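Worksheet: the structure to be examined is printed underneath.
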Amino acid sequence: MIPSRLHAPRALRRARLALASVVLASAALLAPASAAAQGAGDPTLAQTLFEEGRRLMEAKSYAEACPKLAESQRLRPGTGTLLNLALCNEALGRTATAWGQFKEALFASKKEGNAAREAFAQEHISALEPRLSKIQLNAESTPGLLIRVDGHDIPAAALGTRIPIDPGSHEVEATATGYTVWSTTVQVGENADLKTIAIPKLQPAPAAAATPGAQGPAAGGGGVGNGASAGGGGGLRTAGFVIGGAGAAVLGVGAVFGILAAGQASDAEDDPTLCPAKQCSPRGREEIDAAETKALVSTIGIGVGVAALGAGAILVLTSGPSTAEGARAAGARRGSPGRVRARVVPLLGADGGGVGVLGRF
């Protein structure tokens, strides 16, 4: 019998082709950053980090072990490393993260025909599912609405859906061009908590007041045009922020698709009409194939997102000051000593990203 996946609908084939084009384009764009990365894909480094992560787990130093296992998995993906990373996150109380990783390991073990790992992953999935806390985002219509949770974009398809989330404090933000920003902080409990967030329709932003002297040449100077202000390192910095922002968006979409894929496959396998006695009917097979497609999108999205964040950071950190910044710095040196001078820069770490303020106060 020919598997149903060979008869994928035309729309699905087109989606896969488009996804492949995006990946190839991203790989070409990020080639310089990839060349600058140290140790990427290094099996020796991956094995070293795995062994160190396992040693730290045995010592119950989970907060130190998880980043090492995550980097080992990034350098050289493997089902065994993924299972250890899931165990580490479970020990830290990151139930949703661990659940998603166990689900991914379950799919991989089935494809590899490793019954022992499959049973191990399923055991932990069954134990975690009743404890999963979730968040549901309901939003009123606002043109161009973009919702982020902890800086990760949430696609419109996920609105109104109960999404598994790790316990703890989470920032929810809603933005749209021409509208004021709405945000809130939600505290998610540890055991089967459900938080429903109602995002109101955003209010139009007030017209920005014109700043006196914001346009035109500076007093006593020859004037600096837009082309000059973008000179020096300004162009690289701008490109870095654009690429990094796109990477964060793709990373968020990949994470959401991973969660949706895990839920869809789990629902299909547990449905007695689709997969009685774990033997899936053609309709059940279609559901599993659809989940695997979402999982593929998730894996690629997360990889491209992480690469774009890294490329953006490299561009920002290696760019020199722009002409306009040089002029402002010279003016600041001539100004009063008590003037506040600061700038915002992106910060990237093992557990995510953020921004920081550098300067003199």
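The values are calculated or read from the model by the stated rules, or taken from the named source; none is laboratory data. Values in this document were obtained by computation on a predicted structure and should not be read as measured data. Counting neighbours? That spans all protein chains shown, and the Cβs are built from the backbone with ideal geometry, glycine included. The protein model used for the area step is the full one, side chains on, heavy atoms only, and it has no ligands, DNA or RNA in it. Shrake-Rupley method; radii C 1.70, N 1.55, O 1.52, S 1.80 Å.
Scan region 98-115 residue by residue and report those that are free of Cβ contacts under 8 Å to residues at least 24 places away in the same chain and more than 21 Å from the chain's Cα centre (by Cα).
Residues of region 98-115 that are free of Cβ contacts under 8 Å to residues at least 24 places away in the same chain, as a first pass: 101, 106, 110-111, 113, 115.
If the condition is that a residue be free of Cβ contacts under 8 Å to residues at least 24 places away in the same chain and more than 21 Å from the chain's Cα centre (by Cα), then Leu106, Lys110, Lys111, Gly113, Ala115 are the ones that fit.
Out of (1) at pLDDT 95 or above; (2) open to solvent by 30 Å² or more (accessible area, probe 1.4 Å); (3) in contact with a helix residue (DSSP H, G or I) (Cβ under 9 Å, 6 or more places away or on another chain), what's the single condition that is false for Ala121?
The number of the failed condition is (2).
Which residue is surrounded by the fewest Cβ atoms within 10 Å (Cβ to Cβ), if the candidates are limited to region 58-68 and must be within 16 Å of Gln101 (Cβ to Cβ), in contact with a helix residue (DSSP H, G or I) (Cβ under 6 Å, 6 or more places away or on another chain) and of a type outside the set (A, V, I, L, M, F, W, C)?
Filtering first and then ranking leaves Tyr62.
Only one of Glu71, Glu52 is in a helix (DSSP H, G or I), open to solvent by 60 Å² or more (accessible area, probe 1.4 Å), in contact (Cβ under 8 Å) with a residue 60 or more places away in the chain and more than 27 Å from Glu129 (Cβ to Cβ); which?
Values: Glu52 fails: in contact (Cβ under 8 Å) with a residue 60 or more places away in the chain.
After applying the criteria, what remains is Glu71.
Here are Gly227, Gly235, Gly168, Gly223: which of them is open to solvent by less than 60 Å² (accessible area, probe 1.4 Å), at negative phi and either at pLDDT 70 or above or not aromatic (Phe, Trp, Tyr) (or both)?
Values: Gly227 fails: open to solvent by less than 60 Å² (accessible area, probe 1.4 Å); Gly168 fails: at negative phi; Gly223 fails: at negative phi.
The conditions single out Gly235.
Just checking, does region 341-358 include any residue being part of a loop (DSSP other than H, G, I, E, B), at negative phi and modelled with pLDDT under 70?
Taking region 341-358 and keeping what is part of a loop (DSSP other than H, G, I, E, B), we get 350-351.
When the remaining residues are screened for being at negative phi, the result is 350-351.
When the remaining residues are screened for being modelled with pLDDT under 70, the result is 350-351.
The answer is yes, given that some residue of region 341-358 is part of a loop (DSSP other than H, G, I, E, B), at negative phi and modelled with pLDDT under 70.
Given the criterion part of a helix (DSSP H, G or I) and at pLDDT below 95, identify the matching residue among Ala20, Ala40.
None of the others qualify; the one that does is Ala20.
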